[in-house]
Amino acid sequence: MNDEAVFEKIRSDYPATKKLTYFDAGARSLVSVQTRAALDKLVDSQLYEGGDKPEMFRLIERVREKFARLINARSEEIAFMKNVSDGLNTIAGSIPFKTNDNVVLTSDLEHPNNVYPWYNVRDKSQVKIIDVPSVNGQIDVEGMINAITPRTKLVTCSTVTYSPGMRTNVPKLGKACRDRGVFFLVDGVQSCGVLRTDVEELMVDAMAVSTQKGLQGLYGMGFLYCRAEAANALRPERLARFGVNLGDDTHEAAAGDQKFDLMPGARRFEVGNYNFPAAAAAEPALDRMLELGSAAIEERNCRLARRLASGMHQLGLEVCGDLDDPFRTHIVTLGEMDLENHESAGSGELQSLFDYLWANDVRLSIRRGVLRFGIHFYNNDQDVDRVLDLTKTWQEQAVAA
Ligand SMILES: Cc1ncc(COP(=O)(O)O)c(C=O)c1O
């Protein structure tokens, strides 16, 4: 089977593709029939047999290992979280900030969930925020590097911004942070699963993601990658038994010792029982991504996105970013950015296009005033053509009106 045939076959596992032109991976991806089956299996086990806890723990360790493999990390560098915010706040609460330390970020392009944790740190610990403005819809990596001072404790950015969806030059920023001994934390939710995301290459100390977007899972679960050496130097803000090294005896009864060691690596950050259903739901997608390979997934997603972007440009619509910018991704955005607004409607004209597409069973979002199309590997060329045809009809109708 050639690549195209492989992806076409996979598409049939996502029933929503039969009735929708689904371009909303930036919000949440479609899930597959295999995800439903995995979830059913877990629920059935509790429904009919009272549940199998050892098997649930085996599931967690399998999923941990598979996610680690997807991002080129080691299992012990992965902690289960609730979502992106949980991962970011876990790091924010574990770094020993002192008065007059600073955090470098780009508030005008970060998702609010990677801004408020730092305002909280600022207010609790009298830490300064060094806010580096974006340039042309992109995080200004050079500007961020220049903003680092001897009191910089942490630098944070998104691997890909949620809007307008451009990739950040993370390896460059990562190297600068590593050279200066500054903790580098990224929000990787808009790249994991959809684009190649290799934590070694990115040179990050920690990365937070959730599973409902590129990872094709459900809401309510995320992962925190934390480089083993970086994690071992941190004391978690919250602690429960999974964060404590109890040796082989992991049952409750083993706890209670006044003196204890923290778990090595990222496990020290895990608090309480896991979201087993969301882990079960995540596993089939991780299997598929490992099988296809991140490079092939990225190539397909970016190829479809380039086709969509150039088609929209040919129709005279304003596509965010240069068409040949190497930092383009699987996300295509249209219109003029409104940096003050997170989820506002775009211009009147674009709101009308958005409404027209929705009414015709296309799924997309509006973020920061622009229309956002988020592609994943269940999409195909016919999806792109359909949206371009609909846009053309919408334009013709506007002219006739
Ligand atoms: C870049 C980015 N970060 C964070 C989030 C959401 O954060 P959380 O998973 O904590 O709800 C989103 C989208 O919902 C996002 O696009």
Consider Ala295 carefully, then state whether it is closer than 30 Å to Ala68 by Cα, small (Gly, Ala, Ser) and loosely packed, with under 15 Cβ neighbours inside 10 Å.
yes
Cβ-Cβ distance below 6 Å, separation of 6 or more or different chains: which pairs start in region 183-198 with a residue that is within 10 Å of Thr168 (Cβ to Cβ) and without any contact (Cβ under 8 Å) to a residue 60 or more places away in the chain and end on one that is in a strand (DSSP E or B) and more than 11 Å from the ligand (Cβ to nearest atom)?
Val186/Met207
Residue check for Ser107: in the same structural domain as Pro236 (by TED's automatic domain parsing) and crowded, with 22+ Cβ neighbours inside 10 Å:
no
Of everything in region 227-244, what is more than 14 Å from Pro96 (Cα to Cα) and touching a Phe, Trp or Tyr at 6+ places or on another chain (Cβ under 7 Å)? Give them in sequence order.
Gly243, Val244
Would region 11-18 turn up any residue that is in the same structural domain as Asp385 (by TED's automatic domain parsing), of a type in the set (A, V, I, L, M) and surrounded by fewer than 17 Cβ atoms within 10 Å (Cβ to Cβ)?
yes
Subset of region 217-228 that is more than 15 Å from Arg69 (Cα to Cα) and crowded, with 24+ Cβ neighbours inside 10 Å - its residue that is farthest from the ligand (Cβ to nearest atom)
Gly217
Residues of region 361-401 satisfying the condition of being touching a helix residue (DSSP H, G or I) at 6+ places or on another chain (Cβ under 8 Å), outside any helix (DSSP H, G or I) and exposed (fewer than 15 other Cβ atoms within 10 Å of the Cβ):
none
Within region 106-216, which helices (runs of 4 or more DSSP H) (wholly inside it) include 2 or more residues that are within 11 Å of the ligand (Cβ to nearest atom) and within 22 Å of the chain's Cα centre (by Cα)?
116-125
Given the conditions (1) within 23 Å of Thr21 (Cα to Cα); (2) outside the structural domain of Glu396 (by TED's automatic domain parsing), every one holds for Glu283 apart from (1)
Tally the residues that are part of a helix (DSSP H, G or I) and either within 16 Å of the ligand (Cβ to nearest atom) or free of Cβ contacts under 8 Å to residues at least 12 places away in the same chain (or both), restricting the search to region 69-103.
10
When both residues are 6+ apart or on different chains and their Cβ atoms are under 6 Å apart, which pairs have a first residue that lies in region 383-401 and is over 14 Å from Leu364 (Cα atoms), and a second that is not β-branched (Val, Ile, Thr)?
Trp394/Leu353; Trp394/Tyr356
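Let's see how each residue does on (1) in the same structural domain as Gly217 (by TED's automatic domain parsing); (2) in contact with a strand residue (DSSP E or B) (Cβ under 8 Å, 6 or more places away or on another chain); (3) buried (at least 17 other Cβ atoms within 10 Å of the Cβ):
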{"position": "Glu49", "(1), (2), (3)": "yes, no, no"}
{"position": "Phe67", "(1), (2), (3)": "yes, yes, yes"}
{"position": "Glu76", "(1), (2), (3)": "yes, no, yes"}
{"position": "Ala79", "(1), (2), (3)": "yes, yes, yes"}
{"position": "Lys82", "(1), (2), (3)": "yes, yes, yes"}
{"position": "Asp86", "(1), (2), (3)": "yes, yes, yes"}
{"position": "Ile91", "(1), (2), (3)": "yes, yes, yes"}
{"position": "Ser94", "(1), (2), (3)": "yes, no, yes"}
{"position": "Thr99", "(1), (2), (3)": "yes, no, no"}
Scanning region 217-231 residue by residue, the ones that are touching a residue at least 60 places away in the same chain (Cβ under 8 Å) and not in a strand (DSSP E or B) total 8
Starting from residues that are more than 16 Å from the ligand (Cβ to nearest atom) and assigned to a strand (DSSP E or B), keep the ones in region 16-35 and report whichever is nearest to Thr329 (Cα to Cα).
Tyr22
Select from region 131-147 the residues that are in contact with a strand residue (DSSP E or B) (Cβ under 6 Å, 6 or more places away or on another chain) and buried (at least 19 other Cβ atoms within 10 Å of the Cβ) and list them in ascending order.
Ile139, Met144
Of all residues making up region 353-394, the number that are over 25 Å from Gln216 (Cβ atoms) and modelled with pLDDT under 95:
1
Report yes if Ala38 is small (Gly, Ala, Ser) and not in a loop (DSSP other than H, G, I, E, B), otherwise no.
yes
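The values are calculated or read from the model by the stated rules, or taken from the named source; none is laboratory data. On a predicted model such as this, the values are computed, not experimentally measured, just so you know. Please note: Cβ atoms are built from the backbone with ideal geometry, for glycine as well, and neighbour counts cover all protein chains shown.
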